[in-house]
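The values are calculated or read from the model by the stated rules, or taken from the named source; none is laboratory data. In this text the structure is predicted, and so the values were computed from the model without any measurement. Neighbour counts run over all protein chains shown; Cβ positions are idealised from the backbone, glycine included.
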Amino acid sequence: MICYVLVAILALLWLGSLVGFGKKNPPQPPVVTAPAPTPIPGPIKGLACERMYYNPVIGFAKYYLSVEGVDLTTAKTVECTFNISVNKKAVDKVVVESPLTAVPQRDGATFRCSTKALDLEPTVPTIVDLVLKDDKGVSATCSGSYTLPKP
């Protein structure tokens, strides 16, 4: 008799689960979000930094430092001097030269300077002071602070 009761309970549970799985939620319409407009940079007015960043070397405490910037089309090259310091102590100075690439839609030119892979200490605030100088004698500065990730 106990076996019949257990079989009946199991059959009811099984049927109940089938009915529960048979219920479907009504389909939800997909959520559509409008893409954010990409800001269009304005015309180039002179030598300037637009973006500073770093790229880590995977597995090592080495990092490439880079800057992307703009200048007038009258210049042909830009010299980038990276002054790197940790705890107000200079740890490295790297000079890189980059040609300018014309960007007629912005009435100027762009450049990118990147260092070689530098041995820098991770997880410590690192200050990068950058001095830009073009072949026309115009100069500009910018600065960035990074806490570099561990390898």
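Quick test for you: out of GLY59, GLY69, pick the one residue that is of a type outside the set (A, V, I, L, M) and at positive phi.
Values: GLY69 fails: at positive phi.
Criteria check complete, one pass: GLY59.
Let's see how each residue does on (1) within 21 Å of the chain's Cα centre (by Cα); (2) modelled with pLDDT under 85; (3) surrounded by 14 or more Cβ atoms within 10 Å (Cβ to Cβ):
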position: GLN28; (1), (2), (3): no, yes, no
position: LEU47; (1), (2), (3): no, no, yes
position: GLU50; (1), (2), (3): yes, no, yes
position: ALA61; (1), (2), (3): yes, no, yes
position: THR74; (1), (2), (3): no, no, no
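Quick one: is PHE82 more than 26 Å from GLY42 (Cβ to Cβ) and surrounded by 14 or more Cβ atoms within 10 Å (Cβ to Cβ)? Yes.
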